[in-house]
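To start, the structure itself, in structure tokens.
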């Protein structure tokens, strides 16, 4: 199972993903850490962002093929980057912060038109995780 968590920088993707991974017993792939090492050859131009998303999706699918629960968190700002990542089993949009800390990312950001769970202001991490887990339980019915 692949759970993709997207949103502006500073929105709380990593905190949610860390707790979700802990509760599910899965593997967490943090986009910032992957960019700092495996994808350090990529910049932040649109084509590099698309390639970064493609690689993150490929890594998630490799782990999913090994029957792992995979939680991937990264900004994934555009329709093209989301398409390059592929289709997760659950797409979580952390829609708490309307402007990220990076101006270029904020300018290119496109709100997703399709997502499974939307996280808004005012929830605790545990409530956010419960919301995602509730979706996953309903989906498997």
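The values are calculated or read from the model by the stated rules, or taken from the named source; none is laboratory data. Treat the numbers as computed from the prediction; the structure is a model and nothing was measured. Counting neighbours? That spans all protein chains shown, and the Cβs are built from the backbone with ideal geometry, glycine included.
Of all the residues in segment 35-54, those that are part of a helix (DSSP H, G or I), free of Cβ contacts under 8 Å to residues at least 40 places away in the same chain and farther than 15 Å from residue 6 by Cα number 5.
Report yes if residue 9 is modelled with pLDDT under 95 and under 13 Å from the mean Cα position of the chain (by Cα), otherwise no. Taking the combined requirement at face value, the residue satisfies it. Within segment 51-67, identify whether any single residue is modelled with pLDDT of 95 or more, closer than 26 Å to residue 126 by Cα and surrounded by fewer than 16 Cβ atoms within 10 Å (Cβ to Cβ), and answer yes or no. Yes, segment 51-67 has at least one match. Entry remark, segment 55-65: residues being part of a loop (DSSP other than H, G, I, E, B) and touching a helix residue (DSSP H, G or I) at 6+ places or on another chain (Cβ under 7 Å) number 0 in total. Scanning segment 66-85 for residues that are within 24 Å of residue 117 (Cβ to Cβ), in a loop (DSSP other than H, G, I, E, B) and over 13 Å from the mean Cα position of the chain (by Cα) yields 67, 68, 69. If you go through segment 6-24 and keep only what is under 16 Å from residue 126 (Cα atoms) and either in contact with a helix residue (DSSP H, G or I) (Cβ under 7 Å, 6 or more places away or on another chain) or in a loop (DSSP other than H, G, I, E, B) (or both), you end up with 11, 12, 15, 16, 19, 20, 23. All conditions in (1) closer than 21 Å to residue 2 by Cβ; (2) modelled with pLDDT under 95; (3) over 12 Å from the mean Cα position of the chain (by Cα); (4) not in a helix (DSSP H, G or I) hold for residue 99, with the sole exception of (1). Taking residue 76 as the residue in question, decide whether it is on the phi > 0 side of the Ramachandran plot, in contact with a strand residue (DSSP E or B) (Cβ under 8 Å, 6 or more places away or on another chain) and surrounded by 12 or more Cβ atoms within 10 Å (Cβ to Cβ). Judged against the criteria, residue 76 is a match.
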